[in-house]
1. Name the residues in the range 136-168 that are surrounded by 19 or more Cβ atoms within 10 Å (Cβ to Cβ), under 9 Å from the mean Cα position of the chain (by Cα) and of a type outside the set (Gly, Ala, Ser), would you?
2. Whether any residue in the range 106-128 is open to solvent by less than 70 Å² (accessible area, probe 1.4 Å), in contact with an Asp or Glu (Cβ under 6 Å, 6 or more places away or on another chain) and not in a helix (DSSP H, G or I) is what I want to check.
3. Assuming ALA104 fulfils every condition listed in (1) more than 27 Å from LEU6 (Cα to Cα); (2) within 15 Å of the chain's Cα centre (by Cα); (3) of a type in the set (A, V, I, L, M) apart from one, which condition is it?
4. If LYS99 satisfies all but one of (1) open to solvent by less than 30 Å² (accessible area, probe 1.4 Å); (2) in contact with a helix residue (DSSP H, G or I) (Cβ under 9 Å, 6 or more places away or on another chain); (3) under 17 Å from GLY57 (Cα atoms), what's the number of the condition it fails?
5. Tally up the residues in the range 122-144 that are in contact (Cβ under 8 Å) with a residue 60 or more places away in the chain and closer than 14 Å to TRP42 by Cβ, please.
6. Within the range 162-177, can one find any residue that is assigned to a loop (DSSP other than H, G, I, E, B), touching a helix residue (DSSP H, G or I) at 6+ places or on another chain (Cβ under 6 Å) and under 17 Å from PRO67 (Cβ atoms)?
7. State whether the residues of the range 160-175 include one that is among the basic types (Lys, Arg), touching a residue at least 60 places away in the same chain (Cβ under 8 Å) and over 20 Å from ASN89 (Cα atoms).
8. Please give the number of the condition ARG19 fails out of (1) of a type outside the set (Val, Ile, Thr); (2) free of Cβ contacts under 8 Å to residues at least 40 places away in the same chain; (3) loosely packed, with under 15 Cβ neighbours inside 10 Å; (4) in a helix (DSSP H, G or I).
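The values are calculated or read from the model by the stated rules, or taken from the named source; none is laboratory data. Keep in mind it's a predicted model, so treat the numbers as computed, not measured. Positions of Cβ are generated from backbone atoms using ideal geometry, with glycine treated the same way; all protein chains shown enter the neighbour counts. Note: areas computed on protein heavy atoms with side chains; ligands, DNA, RNA excluded. Shrake-Rupley method; radii C 1.70, N 1.55, O 1.52, S 1.80 Å.
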Amino acid sequence: LHADSLVSYNPANGSRLGRVAVATRAEIAATVDEARAQLAPWQALAPDKRAALLQRGAEEISRQLKPLSQLLSMETGKPRRASLREINNVADTVGGRCKDILRALRPQVHQGSTIESLVRFDPIGVCAVITPAYHPVAMTHRMLIPALLAGHTVVLKPSPDAPLIGQRMAEIYQRHLP
């Protein structure tokens, strides 16, 4: 770890894979402020439109399956098949997860004998997604997709043990989200 960057090494042979910038406290605060500023436009999108944008990201992940799985293998030491399976599973399941999450987020009416209650799931702000080194792509998606579909904005902090794949996934979604 350097003052301004994090170096990623291949655990199998110790070779240097790349370097990512480490944000300062001021940069983190600015990122959270930007995510907060994007809340209203993101929440204004209908949930099905949010799902469509996330699906576009998943389609790009599917198109980049081989280079992404190679990077995941090199950065984490996972066998290539396990990395292919993790990334392919993420790309293939975003659509189904979106449907399930959208169904769960629908307003619910509860009838009592003398009262009726309406439960709504309204987004409340910026979510932090802090990912582990173990299954860094799958775990990111397990947190990222529900938060974004619910109308939250997200600040992603990839694992320091797998920062390159986290950065690559963030770049993919940034190309498809407003």
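1. Answer for the range 136-168, where residues must be surrounded by 19 or more Cβ atoms within 10 Å (Cβ to Cβ), under 9 Å from the mean Cα position of the chain (by Cα) and of a type outside the set (Gly, Ala, Ser): VAL137, THR140, HIS141, LEU144, ILE145, LEU148, VAL154, LEU156.
2. no
3. ALA104 satisfies every listed condition except (2).
4. The failed condition is (1).
5. Total satisfying the criteria: 3.
6. yes
7. Yes, the range 160-175 has at least one match.
8. Every condition holds for ARG19 apart from (4).
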